[in-house]
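Engineer: Let me give you the structure first, and then I'll get to my questions.
Every number here is computed from the coordinates shown, using simple stated rules; none is lab data. All of these numbers come straight from a predicted model, not from anything done at the bench. Glycine also receives a Cβ, built like all others from the backbone with ideal geometry; neighbour counts cover every protein chain displayed.
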Amino acid sequence: MKQKLLRVFVIAVGLLAASLPAIAHHGVAGYDLTKTITLHGTVTKFDWSNPHIVIHMDAKNANGEVQNWTIELAAPTHMSRAGWTKNVMKAGDDIIAEVHPAQNGAPVGISGTVTFQLKIVVNGQTLPMR
């Protein structure tokens, strides 16, 4: 009986461990890929880390109020292949970014994945695109 219980436990733990990567990756379902908006503002933080590079920026909305936007890009490996480095931008830089906005209206957008990359301009210089 103990051996049977141990087998069931090992199988359950194995299945759980195998499914964690699928749970962790959220994909692009939360973004409106039919809509592209252009944000202009200032970089507040540039996070060059896995699983996705993230740009935090302050940009004014239609009412002139400053909003803190979070923009998701592809993984550092993919962005490096496109010509980016961890020093491509820093807090305080002027940024223009095309993003697919969040479907729920939150100030969150996606500007690049393995399959696409939208235009990003930092301090007047267009960054490399795939």
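Engineer: Check each of the chymotrypsin sites (Phe, Trp or Tyr not before Pro) in the range 47-130 and keep only those in coil by DSSP with at most 10 other C-beta atoms within 10 angstrom; list them in order.
Structural biologist: none
Engineer: For the range 22-130, which GluC sites (Glu not before Pro) pass both filters: DSSP loop (anything but H, G, I, E, B) and at most 12 other C-beta atoms within 10 Å?
Structural biologist: Numbers: sites: Glu65, Glu72, Glu98; in loops: Glu65.
The qualifying sites are Glu65.
Engineer: Could I ask something else about it? What net charge do the residues around Val99 carry, taking every other residue with its C-beta under 11 Å from that of Val99, with Lys and Arg at +1 and Asp and Glu at -1?
Structural biologist: -1
Engineer: Counting Lys +1, Arg +1, Asp -1, Glu -1, what net charge surrounds His40 among other residues with beta carbon under 15 Å of its beta carbon? Show your work: numbers first, answer last.
Structural biologist: On the way: positive: Lys60, Lys119; negative: Asp58, Glu65, Asp93, Asp94, Glu98.
Overall, the nearby charge balance is -3.
Engineer: So if R0 is 22 Å, what FRET efficiency would Lys35 and Asn87 give, r being the distance between their Cβ atoms, rounded to the nearest 0.05?
Structural biologist: Efficiency computed from Cβ-Cβ geometry: 0.10.
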